[in-house]
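Written below as structure tokens is the structure these notes are about.
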Amino acid sequence: MTIIRNKIGIFLLFCIINVFEYVNCDYNLSILLLNFDNGQGFLANGAHCNPFWWEGNGCNIAIKVCIDWDPASQNSNCTIDSWQNLSAPNWHDLGQVTNNTNNITFQEGVHYNNWSNPTIFKNINPPTFKNGTYQGFSLSLVAVDINITSGETKLIDNYTYPFADKNSAQGFFYYTHPRPLADTLLKLEPTLTGVAWLATGAVLYPPPTQPATTVSTTSGPSTTSGPPLPVDCQDRSLHLTESRNVTIKAGRYKEMTVYCDYRPKSNTSYTVIQSRGSIYQTHFNKSWTEYQEGFGVVEQDSNFFLGLENLYYLTHQNIPYGLRIDLCCGNTSITNKDSAWYYINFTVGDSSDKYKLNAVASGGSAFGLNASTSVFNSDIGSVFSTWDNFTANTIRNISQTQTPYFCSVLNYPATTNTNATHQGNIGGWWFGSCMNNLNGHYYEFGDPAFSVPNTCQLNLGATGLPEGTGIEMALYDGSLPKISYTKVRMALYRLNQGDFTPPPVESPDEFCQS
């Protein structure tokens, strides 16, 4: 990295090259710490560093690092048997590096306690090395939060990672360290550490450069040049301060544009996957293929569906997600802080699974996505369907109930007569209960189809409406509510807190009035 090369200079060593093309002499290694990021400020036990984290308060981070010159060795000098008792002089104590913040960008030329950035390790030639040549290095890190009043320290993260092998004499690398939460199936938001290095002297020549990349908990390719794209709207690399469109790359595989709804109170963002609103109108009565690919204009208060393929990649990158659903009639929220509108461990299957929806209703509520009837199971566990590719999820496999004609949210009134006239603009959905369809026809607020002006109650009558039942979601009575909402959002958030708590809201109507 040129910034390090300029710092330590380029020097020549007169050495003897043996037949294996190794240089038989010492080498120097310069290491520059770039950054450390603890995201939303979680401790290793799943709690936040600061109990008032939702007000923007963060951690008081102290860091220690240790460098091992032989990452393949089984006898490391950087063992972390106890993070509270690290042996000197192998460990370098940077001291407290943040004050009420969850991340630090290290500055070049600055001393952090007994670490000079960069630190140059000179004349390295351990006796265990073959001809004293550069073998790469591993870095061990322990990060803790310090209670300024009591001095008590609590663990944030600790790990050992081989940042470079003998073929990587110079480069920079961003490592994300996954943090499994003890005694649970959850994983905390990973920490991010950036490191750059330059080895000179007894190294393989010419030293190949190491491209920028990011290790993630998913398998498969990562970016090979430049900083990696964020994986969702809560990716710490974004540093959002307002809501806007963002290009992400889910699992480092699938690139897509999403709308990030920034919440200043918690300094975090929702990743919006579906939206219904008053601008950029488009009909949702699309084919199976169109729902696979996604459609609409990604924007606030717009009308779009992110696409089933995108949803599969987004919810399968080893990050547990919750789903939040907002329903509005005009500027009034129908949903609020009630647990019915939050769903944990939300995933969408792949095409071979017909994009099956899996989730758990927060609080075990029996409405919304979890509503069911005596004939139909809930949307949770159902496959996605369109009129041209319909699969019923009935309790009893009766042939008369297996068609979209018998699903009241698709064809009102429901009928077993498959020769009946197809009513409505039905959209596509996980039609389990046949009471929900957030992709139905959009009725504007004040539409004469509403039985009472300036309400969202549809006047379906005995024969229904030509445009269908609208944008429906089962409320509390276990039947088709006949309410078509005028503003809707489905949005993902990371399940980072022990009780699957979503980001806090400013008020129940914040979304509807925005």
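The values are calculated or read from the model by the stated rules, or taken from the named source; none is laboratory data. All values reported here derive from a predicted model rather than from experimental measurement. As a convention, Cβ positions derive from the backbone with ideal geometry for all residues, glycine included, and neighbour counts pool all protein chains shown. For the accessible areas, the whole protein counts, side chains as well, though only heavy atoms, and no ligand, DNA or RNA atoms are used. Shrake-Rupley method; radii C 1.70, N 1.55, O 1.52, S 1.80 Å.
List of remarks:
- Cβ-Cβ FRET estimate between THR421 and GLN281, R0 fixed at 22 Å, reported to 0.05: 0.30
- Of LYS286/LYS354; LYS166/LYS254; LYS254/LYS487; LYS122/LYS166; LYS254/LYS354; LYS64/LYS154, those spanning more than 21 Å from alpha-carbon to alpha-carbon: LYS166/LYS254; LYS254/LYS487
- With a 1.4 Å probe rolled over the protein heavy atoms of all chains, the accessible area of SER351, SER275, SER116 falls in the order SER351, SER116, SER275, largest first.
- In this label model, SER87 and ASN147 are separated by 3.1 nm, measuring between points 7 Å along each Cα→Cβ vector.
- Between amide H atoms placed 1.01 Å from N, distances below 5 Å from ILE273 occur with MET490, ALA491, LEU492, all of them 5 or more places distant or on a separate chain.
- Rounded to the nearest whole angstrom, the semi-axes of the ellipsoid equivalent to the stretch 273-404, taken from the Cα gyration tensor as √(5λ), stand at 23, 20, 17, largest first.
- An oblate overall shape is assigned to the stretch 250-301, the ratio a/c of its alpha-carbon gyration tensor axes (a ≥ b ≥ c) being 1.5 or greater and a/b not exceeding b/c.
- Segment ASP353-ARG244, length gained on full extension (0.36 nm per residue, minus Cα span): 36.0 nm
- Here r is the Cβ-Cβ distance between THR101 and ASN167 and R0 is 60 Å; the resulting FRET efficiency, rounded to 0.05, is 0.95.
- In this label model, ALA47 and ASP509 are separated by 3.8 nm, measuring between points 7 Å along each Cα→Cβ vector.
- With 0.36 nm allotted per residue and the present C-alpha distance subtracted, the THR463-ASN114 stretch has 117.7 nm of extension available.
- Solvent-accessible area, 1.4 Å probe, carbon plus sulfur percent, for the stretch 376-487: 49
- Sorting 369-382, 285-298 by average packing, meaning the other beta carbons within 10 Å per residue, from highest down gives 369-382, 285-298.
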